[in-house]
Amino acid sequence: MELTGKIIAEFNERGGISSRTGNEWKAKSYVLEVPGEFPRKMVFDVFGVDRLQAFNIQVGEQLTVFFDIDAHEYNGRWFNDVRAFRVDRGQAAPTPAPEAAPVAQAAPAAPVQPAAPQADATQAMPFDAPSATDDLPF
């Protein structure tokens, strides 16, 4: 998957030693803001010293981020994992968020014309004379 937007925040680099392999690892998180009528934000991770150096992401940059989404379970709870595997710098058109659907616009309303003044039936006829259009029962 990919999204284009602006990097609006970065978090401290974190690292450790893998309990499975014994190798050292490093990761850093960033926040990407995707423009639109309702801007969306996404936190993603860059994992690995080589990618951190190659991507060299800076706050304020306009980027297209290619990422994988996965989830993992920890103590009975599930967590999403969004990892960038490629970053492109360029003037590409922003990619809209998948949930964003085009909003249908209503047709412009016709201008309202003021109603022509109508004669009052009580003034046009004497009060005692019945009217042909009078539908009142009394």
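The values are calculated or read from the model by the stated rules, or taken from the named source; none is laboratory data. Source: prediction; values computed, not measured. Counting neighbours? That spans all protein chains shown, and the Cβs are built from the backbone with ideal geometry, glycine included.
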> Can you tell which of 46, 59, 65 is of a type in the set (A, V, I, L, M, F, W, C) and surrounded by fewer than 16 Cβ atoms within 10 Å (Cβ to Cβ)?
Replying inline: 59
> In the range 1-30, which residue that is among the aliphatic types (A, V, I, L, M) and within 19 Å of residue 70 (Cβ to Cβ) is farthest from the chain's Cα centre (by Cα)?
Replying inline: 27
> Between residues in the range 72-99 that are over 18 Å from residue 10 (Cβ atoms) and of a type outside the set (A, V, I, L, M, F, W, C) and residues that are modelled with pLDDT of 55 or more and part of a loop (DSSP other than H, G, I, E, B), which pairs lie under 7 Å by C-beta distance while being six or more apart or on different chains?
Replying inline: 94/35; 96/36
>> For the range 5-30: of the residues being small (Gly, Ala, Ser) and in a strand (DSSP E or B), which is surrounded by the most Cβ atoms within 10 Å (Cβ to Cβ)?
In response: 5
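Pull up the range 31-56, narrow it to residues that are in a strand (DSSP E or B) and closer than 17 Å to residue 68 by Cβ, then point me to the one that is nearest to the chain's Cα centre (by Cα).
In this case the residue turns out to be 42.
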>> If a residue must be in contact (Cβ under 8 Å) with a residue 12 or more places away in the chain and hydroxyl-bearing (Ser, Thr, Tyr), how many such residues does the range 1-30 contain?
In response: 3
> Which of the residues belonging to the range 40-62 are closer than 12 Å to residue 30 by Cα and either in contact with a His (Cβ under 7 Å, 6 or more places away or on another chain) or not aromatic (Phe, Trp, Tyr) (or both)?
Replying inline: 41, 42, 43, 45, 46, 52, 56, 57, 58, 59, 60, 61
